[in-house]
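So the structure is just underneath, and the comments pick up after that.
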Amino acid sequence: MPVIVIANPKGGVGKSTIATNLAGYFSVQGYNVMLGDVDVQQSSYSWLALRPASLPPIQAWEISDGHVAKPPKGTTHVVLDTPAGFDGARLDQVMRIADKVIVPLQASMFDILATQSFLQKLIGRRDKAAIGVLGMRVNVRTRAADQLAHYVNGLGLPVLGCLRDTQNYVQLAALGATLWDVAPSRVEKDVAQWQGLLEWIRQ
């Protein structure tokens, strides 16, 4: 049972967007997926409340007082969303159960510098093969994308892909839906940008 953790101590980088859409992907594939939220704001949990019963199910993983317990029997995949300022004992606890960690990161130097210490902590706690960086709101053909790749590769980590800045994620989130719940023609460009990340998870 893979446990995929989405983490970055900086707020507003798209952690919940990645967590909800990844859970949606697993669900559409027929897996029994649980979406947990370590964030006190419970962003992902609130999103689940919007999800129509007609869509493939995603179960909520109740996490009381920030303590992460084992998921119920029958669960095949777990996706954990984490809060801004994620560090200390909570980070250690989640890292003990994480199979892979996805770090959403915007390409600006300010975001890179704000995340630098966190990435070093992850590298100290996990095998580098279990950590991947996902460029957020990045055009892959820009100098910013090259700058991000240069920095991440210098740490010995992979860039799993770059997701463009689009209203598709915003509009679907408001409906409790994901890229995988709508007609492929509507989100073709966005689905294509997920392929590197999904391949890395399957490895």
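Okay, here's what the table says:
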{"read-out": "Surface/4 estimate of mean projected area, convex hull on alpha-carbon atoms of the stretch 100-152, nm²", "value": "3.5 nm²"}
{"read-out": "Segment Gln167-Val140, length gained on full extension (0.36 nm per residue, minus Cα span)", "value": "8.0 nm"}
{"read-out": "Expected-Rg normalisation [2.2 N^0.38 Å, Cα atoms] applied to the chain", "value": "0.96"}
{"read-out": "Within the stretch 92-116, backbone nitrogen closer than 20 Å to the virtual label 7 Å beyond the Cα of His150 toward Cβ", "value": "105-116"}
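Readers should treat all values here as calculations from the given coordinates under stated rules, not as data from a laboratory. The model shown is predicted, which means the values in this text are computed figures rather than measured ones. Don't worry about glycine lacking a Cβ; one is built from the backbone with ideal geometry, like all the others, and counts go over all protein chains shown.
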